[in-house]
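For reference, the structure discussed in these notes is given below.
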Amino acid sequence: MDNNTIADNFTLLSKLMDIHGENSFKTKSYSIAAFTIEKLQTELKDMEAQQIFSIKGIGDAIGKKIIEQLETGQFALLNKYLETTPPGILEMLSIKGIGPKKIAVIWKELEIETLGELLYACNENRLTLFKGFGEKTQKNIRDAIEFYMNAQGSYLFQQVEQFSQNLDDLLKTSFPDSIFILTGEIRRQFEIIEKIEWVTTTVKDDLTTFFKSNNYDILEDTKTYTSFKGNANITLGFHLTSLDNIYNTLFLTSGSDSFLSSFNAQTSWEANGPYPSEEAIFSVNGLSYIPPYLRETANSIVLAKNDSLPEVIKTKNIKGIIHSHSTWSDGNNTLEEMAEAAISKGFEYLVISDHSKSAFYANGLSEERILAQHQQIHELNLKYAPFRIFKSIESDILNDGSLDYPESLLSAFDLIIASVHSNLKMTEEKAMTRLLKAIENPYTSILGHMTGRLLLSRAGYPVDHKKIIDACAIHDVVIELNAHPRRLDIDWRWIEYAISKNVLISINPDAHKIDSYDDCRYGILVAQKAGLTKEMNLSSFSLKSFEAFIMRQQKKRP
Ligand SMILES: [Zn+2]
Ligand SMILES: [Zn+2]
């Protein structure tokens, strides 16, 4: 059992005890233990009992519960609460906006035990009758449940990528005489995957036997399509076709509806082929090949006709790591480790942007600590030259839209990334006032994760994308494409507009540890959908061009 699992168990225990109305002193001690364990640098399983007991915030009683989990893989006290809590109540813990105290009221006073019931109660305006539930809370709960329910059975690309590859391999070895090609959402590099789909020449009955023997249920079963769902709760779909028709089927299942209808309208395409390759479908119609990720709108067809499709950005085009955190704030690796990893991965520079002082929960930097960090950066730059570390900060955009430090200190940074981290529940009007003020600030160079969304779990505050992009164009502010697979914010659907306004995008990993540098790839995959080129992506700039960019930015400053 690793530290994260043990910490999660204590967090869950503390929440369940709150729901059951236990002594709050006790429940707090478990949540503190969880917090402590999360921050430990050493795995508990590698520690002696005495060492565990002596950790600050753990002590004997909780220490014994840790050892119980390490030795037996069980946690009796947690099990006791799990057994006496209805499953629907447990599910409510996943809904944003209802904490344990509110769940206790919902369960004990409203006598509601499932999400469906709770949604119904919200629609019936019943929650407002209870203490602590205003009309606003009720609306938030309703929105969150709807969001949660929509998300069931959907996954981040990153969550299913390996799974789909493994399954693809397994199918190919299990049916050596058949062809399997991944298609649909995966092939089109969607950020959220609802189904994993293939085109295949297998016989349907053989597929059915295969999946049934692996405990999958059949969802759909027609002459040309069959789908299954197993424990992993994701739909696996198969477009059944013949060897002659495989490329037509691949083409038909790879594009969006709007792309395909435009393609039909603009070409003399015959859906019944046969075609020797997918490329042939394009070439016989006088078009250059449109890669699957660009098959979204009619626009790519127009470009393919003129042989002017963009040469989209690739992972190898990322030259620097922009937006990263170190142990100076809430990162897991030291500044030195972050720099050395960037060097060994072949990057030319690292922009270190720890949290600013208002992000106290993330150990945001006081003014004194900033100066100390700058001294360290100065020393490391001498050591690592020509590699360069840039002095940056992820400055909170405060409630009134201002940045987190006085101008005298802001001017000490090479560049500033401005992001919203607090008071995320805003109307569009409020969000726009806040963001526009930050964009107008002459010290802002990059706008971080524009909407604050967390895919599949938080919708993000509403913004007017056009107005933000227009403002960034006027004030020469770069828009981040936060490459964390759960953010991917700015949404790729707005990048084309940004490019048309000559606004630079920056694919940034927002790395809190070395491994997360690789997240850049998820940003690349969606950026390709938007037709982003390396020229329009800041993190593809060479060190020299990046330095020139910073000079230009600093000219904005008073
Ligand atoms: Zn952030
Ligand atoms: Zn960050």
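The values are calculated or read from the model by the stated rules, or taken from the named source; none is laboratory data. All of these numbers come straight from a predicted model, not from anything done at the bench. FYI the Cβ positions are ideal-geometry reconstructions off the backbone, even for glycines, and counts take in every protein chain you see. Accessible surface areas use protein heavy atoms only, side chains included; no ligands, DNA or RNA. Shrake-Rupley method; radii C 1.70, N 1.55, O 1.52, S 1.80 Å.
What is the calculated FRET efficiency for residue 548 to residue 454, with r their C-beta to C-beta distance and R₀ = 41 Å, to the nearest 0.05?
Using R0 = 41 Å, I get an efficiency of 0.75.
Can you pull a Stokes-Einstein diffusion coefficient for region 157-305 at 25 °C (0.890 mPa s), Rh from Kirkwood over Cα pairs, as a whole number of µm²/s?
152 µm²/s
Which stretch or stretches of region 95-110 have amide N atoms under 18 Å from the point lying 7 Å from residue 136's Cα along the Cα→Cβ direction?
96-99, 102, by backbone N distance to the label point.
Once amide H atoms are placed 1.01 Å from N in the peptide plane, what residues at a sequence separation of 5 or more from residue 198, or on another chain, have their amide H within under 5 Å of its amide H?
Correct list: 183, 237, 238, 239.
In the chain, with Lys and Arg counted as +1 and Asp and Glu as -1 at Cβ, which of these residues, 190, 78, 310, has the Cα nearest the positive end of the dipole, that is, farthest along it?
Ranked along the dipole, the leading option is 310.
Between residue 222 and residue 77, what length in nm is gained on full extension when 0.36 nm per residue of separation is reduced by their alpha carbon distance?
Extra length available between residue 222 and residue 77 comes to 47.3 nm.
Take the solvent-accessible surface of the protein heavy atoms, probe 1.4 Å, and return the percent of it on region 100-150 that carbon and sulfur atoms account for.
49 percent
Over the alpha-carbon set of the chain, divide Rg by the Kirkwood Rh and report the Rg/Rh ratio to two decimals.
For the chain, the value is 0.99.
Along region 477-484, what does the Karplus equation 6.51 cos²θ - 1.76 cosθ + 1.60 (θ = phi - 60°) give for ³J(HN,Hα), rounded to whole Hz, x for Gly and Pro?
So the J values, rounded to whole Hz, are 10, 7, 9, 6, 9, 5, 8, 4.
Just reorder 330, 169 by solvent-accessible area, largest first, 1.4 Å probe, all chains present.
Of 330, 169, the descending order of accessible area is 169, 330.
Could I have the simple spin-label model distance between residue 22 and residue 172, label points 7 Å from Cα toward Cβ, reported in nm to one decimal?
Between residue 22 and residue 172, the simple spin-label model gives 5.1 nm.
Taking only the Cα atoms of region 100-150, how large is their convex hull per residue, in Å³?
Expressed per residue, the convex hull around the Cα atoms of region 100-150 is 69 Å³.
What FRET efficiency do you get for residue 258 and residue 143 if R0 is 35 Å and r is their Cβ-Cβ distance, rounded to the nearest 0.05?
It comes out at approximately 0.80.
List every residue whose amide H lies under 5 Å from the amide H of residue 352, counting only residues 5 or more places away in sequence or on a different chain, with H placed 1.01 Å from N in the peptide plane.
390, 392
Please report the carbon-and-sulfur percent of the accessible area for region 1-85; probe 1.4 Å, protein heavy atoms only, DNA, RNA and ligands left out.
The value for region 1-85 is 50 percent carbon and sulfur by accessible area.
Which percent of Cα-Cα pairs in region 1-85 sits in each 10 Å bin, short to long?
Final binned percentages: 18, 56, 23, 2.
Restricting to Cα pairs below 8 Å that are 6+ residues apart, what does the relative contact order work out to for region 315-554? Please round to a whole percent.
21 percent
To the nearest 20 Debye, how big is the dipole of region 315-554 about its Cα centre, given +1 on the beta carbon of each Lys and Arg and -1 on that of each Asp and Glu?
640 debye
With +1 assigned to the C-beta of every Lys and Arg and -1 to the C-beta of every Asp and Glu, and no other charges, what is the dipole magnitude of the chain about the Cα centre in debye, to the nearest 20?
For the chain, the charge dipole is close to 1180 debye.
Given the whole protein assembly as supplied and a 1.4 Å probe, what does the accessible area of residue 378 come to in Å², nearest 10?
110 Å²
Give me the extension gain from residue 425 to residue 84: residue separation times 0.36 nm, minus the current Cα-Cα distance, reported in nm with one decimal.
Extra length from residue 425 to residue 84 when fully extended: 119.4 nm.
Looking at region 99-150, which GluC sites (Glu not before Pro) are DSSP coil and have at most 13 other C-beta atoms within 10 Å of their C-beta?
111, 124
Can you give the FRET efficiency to the nearest 0.05 for residue 42 and residue 378, using r as the Cβ-Cβ distance and R₀ = 35 Å?
It comes to 0.65.
Considering only protein heavy atoms, what per residue accessible area in square angstrom results for the chain with a 1.4 angstrom probe?
46 Å²
For region 415-558, just the Cα atoms, rotate onto the principal axes and tell me the three extents in Å, largest first.
If we take the Cα atoms of region 415-558, the spans are 40, 37, 30 Å.
From the Cα trace of region 498-558, what convex hull volume per residue do you get, rounded to a whole Å³?
108 Å³
Largest first, how would 475, 355, 239 line up by accessible area (1.4 Å probe)?
475, 239, 355
Using 0.36 nm per residue, how much length does the chain from residue 93 to residue 114 gain when fully extended, once their Cα-Cα distance is taken away?
Full extension of this stretch gives 6.4 nm more.
Identify the GluC sites (Glu not before Pro) of region 40-101 meeting these criteria: DSSP loop state and at most 10 other C-beta atoms within 10 Å of the C-beta.
Those satisfying the criteria are 48.
Counting only protein heavy atoms, what percent of the accessible surface of region 274-316 is carbon or sulfur at a 1.4 Å probe?
Carbon and sulfur: 57 percent of the exposed surface of region 274-316.
Given contacts defined as C-alpha pairs under 8 Å and at least six residues apart, what's the relative contact order of the chain, whole-number percent?
10 percent
Taking the Cα-to-Cβ direction at residue 215 and at residue 500 and moving 7 Å from each Cα, how far apart do the two end points lie in nm?
5.1 nm
What does the convex hull of the alpha-carbon atoms of region 315-554 project to on average, in nm²?
11.3 nm²
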